[in-house]
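Structure record follows, encoded as structure tokens.
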Amino acid sequence: MEIKRTKIVDIFDASLVGTTVRVKGWVKTRRGNKYVQFVALNDGSTIKNIQIVFDLQKFTEEQLKPITTGAAIHVEGQLVESLGKGQSVEIQAETLEIYGTADPETYPLQKKGHTLEFLRDIAHLRPRTNTFGAVLRIRHALAFAIHKYFNERGFFYLNTPLITGSDCEGAGAMFQVTTLNLNDLPKKEDGTVDYEQDFFGKPTSLTVSGQLEGELGATALGQIYTFGPTFRAENSNTPRHLAEFWMIEPEMAFYDITDNMDLAEDFIKHCVSYALENCADDINFLAQMYDKELVNRLKFIVENDFVRLTYTEGVDILMKSGKKFEFPVSWGIDLQSEHERYLVEEHFKKPVILTDYPKEIKAFYMKLNDDGKTVRAMDVLFPMIGEIIGGSQREESYDKLLARIEELHIPMKDMWWYLDTRRFGTVPHSGFGLGFERLVLFVTGMTNIRDVIPFPRTPKRAEF
Ligand code: 4AD
Ligand code: MG
């Protein structure tokens with residue numbers, strides 16, 4: 001019987017020692033002398049490589065010549081305990097098949113130690129590096145942990161549309177979606193574009209958030225979550241913004257702001273502790289390469305309560321801090337990353353949930369407090385990241401919501417379906433949005449959001 005392929009992640013199982021195994025993967029390195037050659041092979045299933053030993057009595061130099069960094073090979077041989085340092089087991093090669101060579105002259109990952117910037121230019125190949133292998137496996141584990149978390153608590157996964165006909169969230173500039181010929185636009189008599197001839201018969205865009213549709217789901221199924229891509233066309237070239245990013249948006253009927261904060265804190269702790277338990281090899285690798293404090297920081301999040309305070313209290317602390325900020329602080333300003341990070345990293349030295357922001361700087365749908373000035377918003381602020389979650393209790397009163405919509409001149413023709421949730425069986429409800437890449441950024445300890453998504457979309461970049 002033919003031996004099945006063993007993935008490298010499974011090869012370190014002690015029961016396999018002494019048996020013949022078959023592995024397939026990509027060559028990391030080859031070294032040795034004229035008697036014996038050592039190949040480090042990786043197949044993406046783990047950060048670990050398996051060492052393969054080629055005895056030159058069994059193989060000719062000519063046969064081994066195509067085994068260069070990046071080549072894909074298939075090897076069969078005995079798994080034996082290794083005498084060398086750095087690995088527990090190795091394979092004594094008996095057969096070799098070369099699937100594909102990688103010319104050392106032109107293979108971009110021939111050498112080690114490329115900068116992360118350089119790797120962004122070869123995003124089509126960077127998943128083969130140790131760093132991106134680790135990041136992408138952690139990203140997968142976190143996505144799985146998120147679905148698991150909500151499934152175990154009776155939340156339903158709701159798929160909200162990516163193409164939207166309403167522009168009301170106000171979360172950011174939108175990408176227009178059209179099938180009109182931009183070089184020959186149909187015009188109305190008054191000279192403006194005739195969108196009746198467009199695919200949907202009206203202007204449409206890519207969604208900035210699934211929340212508004214999520215509320216439709218929550219006021220029917222009780223508690224739902226979305227997990228999908230969202231798009232924002234702001235020209236913000238920062239290490240924390242993408243034009244296309246993934247967001248998780250739970251929305252819960254009968255939740256007030258405190259229930260919402262409790263869920264957000266428990267949820268994010270669950271994600272971090274899942275990664276600590278299930279991605280130890282990858283996290284330890286990244287810690288060793290980039291950030292010695294990573295594991296401590298992750299444990300700290302899981303083990304400590306988040307600090308909860310109001311925006312007004314937060315602004316007070318910032319104003320009394322005596323610190324010179326690039327953007328000066330006063331009540332009413334939209335907090336910048338430098339302010340958020342001061343509260344988290346310097347003042348409290350803990351994650352912070354800031355609530356009750358001025359209504360002017362938050363979305364129209366947030367529940368107005370009795371003071372008439374602030375809304376029941378909550379932002380979760382994290383070390384190194386700043387805002388990782390944004391959410392709120394929603395305004396459930398039809399009259400108050402309508403008043404706010406009119407105050408902000410949001411076109412009613414776009415909003416009738418949303419207002420219907422408040423006309424028919426309205427309930428107190430709340431929800432939040434977690435930026436998935438900001439979570440992956442935090443858990444991996446990477447410092448640029450472009451390095452935690454396989455193919456980043458940022459201004460002037462959509463190559464791969
Ligand atoms: O605070 P935001 O804009 O909130 C919403 O979109 C609400 N509809 C969420 C809700 O209540 N259901 O975005 C939520 C989170 C932010 O806290 C941040 O983590 C992330 O999404 N985010 C981005 N991540 C990467 N690139 C961007 N351009 C981002 N903009 C927001
Ligand atoms: Mg926000």
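Listing for the model above:
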| quantity | calculated |
| --- | --- |
| Residue in segment 251-264 that is within 16 Å of ligand 2 (Cβ to nearest atom) and either in contact with a Lys or Arg (Cβ under 7 Å, 6 or more places away or on another chain) or modelled with pLDDT under 95 (or both) present | yes |
| Matching residues in segment 333-354 - criterion: being open to solvent by 30 Å² or more (accessible area, probe 1.4 Å) and either assigned to a loop (DSSP other than H, G, I, E, B) or more than 20 Å from R297 (Cβ to Cβ) (or both) | I333, D334, Q336, K349, K350 |
| Odd one out for T131 among (1) touching a Phe, Trp or Tyr at 6+ places or on another chain (Cβ under 7 Å); (2) surrounded by 17 or more Cβ atoms within 10 Å (Cβ to Cβ) | (1) |
| Selection within segment 98-123 - more than 20 Å from V452 (Cα to Cα) and either open to solvent by less than 80 Å² (accessible area, probe 1.4 Å) or assigned to a loop (DSSP other than H, G, I, E, B) (or both) | I98, G100, T101, A102, D103, P104, E105, T106, Y107, P108, Q110, K111 |
| Which listed residue, of N237, N278, is within 15 Å of ligand 1 (Cβ to nearest atom) and farther than 27 Å from T160 by Cβ | N237 |
| Set D399, D420: member being farther than 30 Å from P229 by Cβ, open to solvent by 30 Å² or more (accessible area, probe 1.4 Å) and more than 28 Å from the chain's Cα centre (by Cα) | D399 |
| Per-region count, segment 423-435, residues in contact (Cβ under 8 Å) with a residue 24 or more places away in the chain, more than 15 Å from ligand 2 (Cβ to nearest atom) and either open to solvent by 10 Å² or more (accessible area, probe 1.4 Å) or out of contact with any Phe, Trp or Tyr (no Cβ under 9 Å at 6 or more places or on another chain) (or both) | 5 |
| Segment 367-379 residues that are at pLDDT below 95, paired with ones that are surrounded by 18 or more Cβ atoms within 10 Å (Cβ to Cβ) (beta carbon under 7 Å, 6 or more apart) | none |
| Failed criterion for V427 (all others in (1) in contact with a strand residue (DSSP E or B) (Cβ under 9 Å, 6 or more places away or on another chain); (2) within 13 Å of ligand 1 (Cβ to nearest atom); (3) part of a loop (DSSP other than H, G, I, E, B); (4) more than 30 Å from F118 (Cα to Cα) hold) | (2) |
| Filter result (over 16 Å from L309 (Cα atoms), more than 11 Å from ligand 1 (Cβ to nearest atom) and assigned to a loop (DSSP other than H, G, I, E, B)) within segment 355-400 | F364, K367, D370, D371, G372, K373, P383, M384, E395, E396, S397 |
| Output for segment 171-190, where each listed residue is within 16 Å of ligand 2 (Cβ to nearest atom) and more than 30 Å from D334 (Cβ to Cβ) | none |
| Number of the condition not met by Y311 [criteria: (1) open to solvent by 10 Å² or more (accessible area, probe 1.4 Å); (2) touching a residue at least 40 places away in the same chain (Cβ under 8 Å); (3) on the phi < 0 side of the Ramachandran plot] | (1) |
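Okay, residues lined up against (1) part of a loop (DSSP other than H, G, I, E, B); (2) loosely packed, with under 12 Cβ neighbours inside 10 Å; (3) among the basic types (K, R); (4) without any contact (Cβ under 8 Å) to a residue 24 or more places away in the chain:
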| position | (1), (2), (3), (4) |
| --- | --- |
| H147 | no, no, no, no |
| S166 | yes, no, no, no |
| T179 | yes, yes, no, yes |
| L182 | yes, yes, no, yes |
| G201 | yes, yes, no, yes |
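The values are calculated or read from the model by the stated rules, or taken from the named source; none is laboratory data. Note that the structure is predicted; figures quoted are calculated from it, not measured. Here Cβ is always computed from backbone atoms with ideal geometry, including for glycine, and neighbour counts include all displayed protein chains. For accessibility, only protein heavy atoms count, side chains too; no ligands or nucleic acids. Shrake-Rupley method; radii C 1.70, N 1.55, O 1.52, S 1.80 Å.
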